[in-house]
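The next block holds one structure in the form of structure tokens; read it before the comments.
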Amino acid sequence: MTTKDSKNVSVYLLALLMIAFIESIVFSNGNVIFLLLGWGFLDYGYRKREKWTVISGAVLVVIALLTLWSVRLLVLAIILYILVKLWKGTPASEVFGDLQKPRARRSQGLWRNRLFSIQSTPFSSYEWEDVHIQGFFGDVYVDVTDTVLPKGASFISIRQIFGKIIIELPYDIPVRIHYATLYGGANLLAKGSQQLFNETVQEHDGYETKQPNDPELIITIFTWIGDVEVRRK
């Protein structure tokens, strides 16, 4: 997706939120109660560090938005727009854009971007490849002790909305960790567990004896609600 397309999507989402807000206020939509209740749960859960209260609030907010007539009409308008374009003889390639273009061959590696899944490295030795994944809900387990890292920097980048992430490292690999979350727990390199609220944590270890061409691992993790554990074994 190009930068221009990303900006357009952001504008559309902002317009949708404004329409939903206007509907709730002007037409006295009863679903605004669930919206406010969900927001209250989110605020209380964040302040009290209660994960399931935060999740309950998020669910109420989503339900309230999906039951608004403005959202339903928007979906209907999109469907009608597509049908009218096709009925007038517009080629499907123009209507659906890049969806009809053949995709380049993708790497058949270990990791996939999935909405709902539990992903992990194999339980036997495997050839290392950098990890770059994102998902909505599920757990991720990465074991670096059953592979050999190449010289220089290797990368693990994980963006997960909900779920737990566990990464196991060998003792002799220098590592830098950057973890950001809206709400979650972190236990990094056995330095103690901590609860985070809209915070970032950075840790590094093993660089005292590192040589210029020695392997190193750079880990970047972002979650909305989830726990992260990075440990050596």
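The values are calculated or read from the model by the stated rules, or taken from the named source; none is laboratory data. The structure presented is a predicted model; accordingly, all values stated were derived computationally and were not measured. Because the Cβ atoms are built from the backbone with ideal geometry, glycine has one as well, and the counts that use them run over all protein chains shown. Note: accessible area is taken over every heavy atom of the protein model, side chains too, but ligands, DNA and RNA are not part of it. Shrake-Rupley method; radii C 1.70, N 1.55, O 1.52, S 1.80 Å.
Quick notes on this one:
- Restricted to the range 44-90, and to residues there that are under 30 Å from GLY184 (Cβ atoms) and among the polar types (S, T, N, Q), the residue that is modelled with the lowest pLDDT is THR67.
- Single residue of the range 148-160 satisfying the filter (open to solvent by 30 Å² or more (accessible area, probe 1.4 Å) and within 26 Å of the chain's Cα centre (by Cα)) that is nearest to VAL59 (Cα to Cα): ARG159
- Subset of the range 153-166 [in contact with an Asp or Glu (Cβ under 9 Å, 6 or more places away or on another chain) and more than 18 Å from TYR207 (Cβ to Cβ)]: SER157, GLN160, GLY163, LYS164, ILE165, ILE166
- Verdict on TYR179 being open to solvent by 20 Å² or more (accessible area, probe 1.4 Å) and in contact (Cβ under 8 Å) with a residue 12 or more places away in the chain: no
- Among the criteria (1) open to solvent by 40 Å² or more (accessible area, probe 1.4 Å); (2) among the hydroxyl-bearing types (Ser, Thr, Tyr); (3) touching a residue at least 40 places away in the same chain (Cβ under 8 Å); (4) touching an Asp or Glu at 6+ places or on another chain (Cβ under 9 Å), the one SER193 does not fulfil is (3).
- Test result for ILE225, at pLDDT below 85 and part of a strand (DSSP E or B): yes
Listed here are the residues, each with its yes/no results for (1) in contact with a Leu (Cβ under 9 Å, 6 or more places away or on another chain); (2) more than 28 Å from THR53 (Cβ to Cβ); (3) open to solvent by less than 70 Å² (accessible area, probe 1.4 Å).
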| site | (1), (2), (3) |
| --- | --- |
| ASP146 | no, yes, yes |
| GLY163 | no, no, yes |
| ILE166 | no, no, yes |
| VAL175 | yes, yes, yes |
| ASP205 | yes, yes, yes |
| PRO215 | yes, yes, yes |
